[in-house]
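Quick notes on the structure that follows.
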Amino acid sequence: MKKREVQASVKDERLVKKRRDQMIKGAVTLFIQKGFHRTTTREIAKASGFSIGTLYEYIRTKEDVLYLVCDSIYDQVAERLQKGLDTKQGTLESLKQGIADYFKVVDEMQDEVLVMYQEVKALTKDALPYVLKKEIEMVGMFEHVITLCVENGELDLPEEKIKMIAHNIFVQGQMWAFRRWSLQKMYSIDEYIQLQTNLLFQGIKDSGRVSENA
């Protein structure tokens with residue numbers, strides 16, 4: 001599925017990226033405070049540091065801004081997940097480290113993750129499938145590592161459980177952001193990682209097998 005193109009009248013690609021990065025940063029703050037529908041393009045322009053006229057040189061509609069926000073968030077999370085998740089070793093330790101790294105990315109980007117989940121439903125019909133496909137690809141990274149653990153004999157799981165565990169990891173990471181009003185009163189991020197990882201592997205032991213040598 002091709003990336004949705006957001007039209008800009010400015011031809012300088014570096015300037016387009018700079019202005020859109022400013023726009024994304026300003027929009028995230030406003031969407032957290034007011035939500036997408038109650039935020040105006042004039043407010044987005046002001047938060048971005050330029051005029052409403054300048055704003056429309058880089059986007060066509062307010063929905064374009066939301067798309068850029070969601071696309072940017074997924075790109076940042078995916079890029080950092082790729083760096084932290086070892087997709088070659090296929091060991092339980094590499095899986096645990098990947099989980100910890102992913103949860104910490106969510107912790108650092110929790111405002112962005114929260115906006116994404118609150119407002120993604122407002123994306124246009126041509127933009128939503130592309131954005132959601134990015135999430136499935138990130139889940140697939142964990143799926144791949146778990147599959148390698150199975151192939152290496154460290155886990156014994158059927159394919160349907162591999163897929164479910166990968167989705168569980170992804171959602172548990174994001175839960176740190178959208179349940180932060182409660183969770184972060186009880187746990188530090190390190191405590192949360194340890195507890196969720198222990199629960200995850202206990203569930204794996206109950207449903208399959210973890211090698212005694214792992």
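For the reader, a short list of remarks on this structure follows.
- Qualifying residue in region 84-103 (condition: in the same structural domain as L200 (by the TED database) and closer than 28 Å to L15 by Cβ): no
- The listed residues are V106, V139, and the only one of them that is surrounded by 15 or more Cβ atoms within 10 Å (Cβ to Cβ), assigned by the TED database to the domain that holds L155 and touching a residue at least 40 places away in the same chain (Cβ under 8 Å) turns out to be V106.
- E160 vs. criteria at pLDDT 95 or above and open to solvent by 30 Å² or more (accessible area, probe 1.4 Å): no
- Failed item, numbered, when L155 is tested on (1) open to solvent by less than 40 Å² (accessible area, probe 1.4 Å); (2) over 19 Å from C70 (Cβ atoms); (3) out of contact with any strand residue (DSSP E or B) (no Cβ under 8 Å at 6 or more places or on another chain); (4) in contact (Cβ under 8 Å) with a residue 60 or more places away in the chain: (3)
- Failed item, numbered, when L148 is tested on (1) touching a Gly at 6+ places or on another chain (Cβ under 9 Å); (2) closer than 22 Å to R179 by Cα; (3) surrounded by 17 or more Cβ atoms within 10 Å (Cβ to Cβ): (2)
- Here the condition is being aliphatic (A, V, I, L, M) and buried (at least 19 other Cβ atoms within 10 Å of the Cβ); of L81, L128, it holds for L81 alone.
- So K18, is it free of Cβ contacts under 8 Å to residues at least 12 places away in the same chain, part of a loop (DSSP other than H, G, I, E, B) and either open to solvent by 70 Å² or more (accessible area, probe 1.4 Å) or not assigned by the TED database to the domain that holds D101 (or both): no
- Region 31-57, residues that are open to solvent by less than 20 Å² (accessible area, probe 1.4 Å) and touching a Ser or Thr at 6+ places or on another chain (Cβ under 8 Å): F31, A45, L55
The values are calculated or read from the model by the stated rules, or taken from the named source; none is laboratory data. Owing to the predicted nature of the structure, the values given are computational and were not obtained by experimental measurement. Neighbour counts run over all protein chains shown; Cβ positions are idealised from the backbone, glycine included. SASA here: full protein model, heavy atoms, side chains in, ligands and nucleic acids out. Shrake-Rupley method; radii C 1.70, N 1.55, O 1.52, S 1.80 Å.
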